[in-house]
Amino acid sequence: MRSFRLLLFAIPALALYGGFFLLPAVQGLRYATTDWDGYSPAFTDVGLSNLTDVVSNDDLFRNALTNNLKFLLVVVLGQTALALLLAVLLAARSRASTALRALFFLPTVLSSVSVAFIWKFVYDPNFGLANSLLGAVGLDRFQSAYLGEEGTAILWVAVAQIWFHAGQMMVIYIAGINQIPEELYDAAKTDGAGRWQQFRHVTWPMVAPATALVIAYTVLQSFKAFDLILGLAGNPPRSSLDVLSTRIYTTFTNSQLGYAAAESVVFMIAIAAVTLLQNRAARMVHG
């Protein structure tokens, strides 16, 4: 009887979860098999044709998936490496380290739209900060159109994303480093290990749980970089800056809710596949 009474406390949470997650998910799967435009009272069942079109015949969706994977790879590698470097350099407890931590964490508290406007100014090919600095130091040959470059535009957005969230990941790494027993470093120094050997054989293995958390969170951030990309690229974004979330949004605004729902299903499958590969890779590296 007591166990039953305790289960009653879970009912509000289960009701919210069912109403705001399970029910919309089921409805999304249902709409994915229709041609509903999102407004008309009637629609036609089309079976799995939406899903097959998304997977096999939709060049726009395939382009968005390719861009998203490029973005994901650059952000995961760059953000993880930069966050770990900052954490190693700023793990010491001092006033200077505390001030620098706050400075590097500051971009995280900004809104995505604010970050987009900052980097639009940096990347502007005519009067932007990046080209102005390159011109000032005589490196004009490296000036670029940045977001206007067809092949590398998504990589420049990745740089903005790394700047945006590296400080947040740095905090996770600092927490992990501060949990490492000082005796391990003392033993490594006694054995003659230098700073690189201490990092390789002590710090890196001991922050493995923090690394797994950082990578998992960064992967989710990379798939959710919707407002940052719209802020930088406009609505709808050019094909060189189109990712899965913006592609689904564009399809929805074109009154193709059924097809957008099918794209969302494939999107979720892609996230699940990447997450599965990430977890398997983490077990291989650390296990």
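The values are calculated or read from the model by the stated rules, or taken from the named source; none is laboratory data. Just so it is clear, the structure is predicted and the values come from calculations on it, not from any experiment. A quick note on method: Cβ atoms are made from the backbone with ideal geometry, for glycine too, and the neighbour counts reach across all protein chains shown. Only protein heavy atoms, including side chains, enter the accessible area calculation; ligands, DNA and RNA are left aside. Shrake-Rupley method; radii C 1.70, N 1.55, O 1.52, S 1.80 Å.
At-a-glance table
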read-out	value
Residue list for the stretch 41-57, filter: out of contact with any Asp or Glu (no Cβ under 7 Å at 6 or more places or on another chain) and in contact (Cβ under 8 Å) with a residue 12 or more places away in the chain	D45, G47, L48, N50, L51, D53, V55
Matching option when the condition is under 25 Å from L228 (Cα atoms), of a type in the set (A, V, I, L, M), open to solvent by less than 80 Å² (accessible area, probe 1.4 Å) and assigned to a helix (DSSP H, G or I), among V88, V75	V75
Single match in A272, A212 (criterion: farther than 19 Å from G38 by Cβ, without any contact (Cβ under 8 Å) to a residue 24 or more places away in the chain and either in contact with a Ser or Thr (Cβ under 7 Å, 6 or more places away or on another chain) or open to solvent by 30 Å² or more (accessible area, probe 1.4 Å) (or both))	A272
Number of the condition not met by K70 [criteria: (1) farther than 30 Å from Y173 by Cα; (2) touching a residue at least 12 places away in the same chain (Cβ under 8 Å)]	(1)
Search result, residues across the stretch 228-269 that are more than 30 Å from F43 (Cβ to Cβ) and open to solvent by 30 Å² or more (accessible area, probe 1.4 Å)	R238
Odd one out for I172 among (1) open to solvent by less than 30 Å² (accessible area, probe 1.4 Å); (2) at pLDDT 85 or above	(1)
The stretch 112-129 - residue that is small (G, A, S) and touching a residue at least 40 places away in the same chain (Cβ under 8 Å) and, of those, most open to solvent (accessible area, probe 1.4 Å)	S112
Residue that is among the polar types (S, T, N, Q) and within 17 Å of L73 (Cβ to Cβ), where the choices are S264, S255, S240	S240
Residue ranges of helices (runs of 4 or more DSSP H) in the stretch 1-41 with at least 1 members out of contact with any Phe, Trp or Tyr (no Cβ under 8 Å at 6 or more places or on another chain) and among the β-branched types (V, I, T)	11-17, 23-31
Filtered residues of the stretch 130-166 (kept if open to solvent by 70 Å² or more (accessible area, probe 1.4 Å), farther than 16 Å from K70 by Cα, without any contact (Cβ under 8 Å) to a residue 40 or more places away in the chain and touching a helix residue (DSSP H, G or I) at 6+ places or on another chain (Cβ under 7 Å))	D140, F142, Q143
Residue pairs meeting the criteria (Cβ under 6 Å; at least 6 apart or on separate chains; first closer than 21 Å to L51 by Cβ, in the stretch 14-40; second β-branched (V, I, T) and outside any loop (DSSP other than H, G, I, E, B))	A32/V265
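A quick yes/no check of all residues on (1) touching a Cys at 6+ places or on another chain (Cβ under 7 Å); (2) surrounded by 15 or more Cβ atoms within 10 Å (Cβ to Cβ); (3) over 19 Å from Q168 (Cβ atoms):
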{"residue": "Q179", "(1), (2), (3)": "no, no, no"}
{"residue": "E183", "(1), (2), (3)": "no, no, yes"}
{"residue": "A188", "(1), (2), (3)": "no, yes, yes"}
{"residue": "D191", "(1), (2), (3)": "no, no, yes"}
{"residue": "R195", "(1), (2), (3)": "no, no, yes"}
{"residue": "Q198", "(1), (2), (3)": "no, yes, yes"}
{"residue": "W204", "(1), (2), (3)": "no, no, yes"}
{"residue": "S222", "(1), (2), (3)": "no, yes, no"}
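Listed here are the residues, each with its yes/no results for (1) at pLDDT 85 or above; (2) surrounded by 10 or more Cβ atoms within 10 Å (Cβ to Cβ); (3) within 29 Å of I154 (Cβ to Cβ); (4) touching a helix residue (DSSP H, G or I) at 6+ places or on another chain (Cβ under 9 Å).
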{"position": "A13", "(1), (2), (3), (4)": "yes, no, no, no"}
{"position": "F21", "(1), (2), (3), (4)": "yes, yes, no, no"}
{"position": "L51", "(1), (2), (3), (4)": "yes, yes, yes, yes"}
{"position": "V55", "(1), (2), (3), (4)": "yes, yes, yes, yes"}
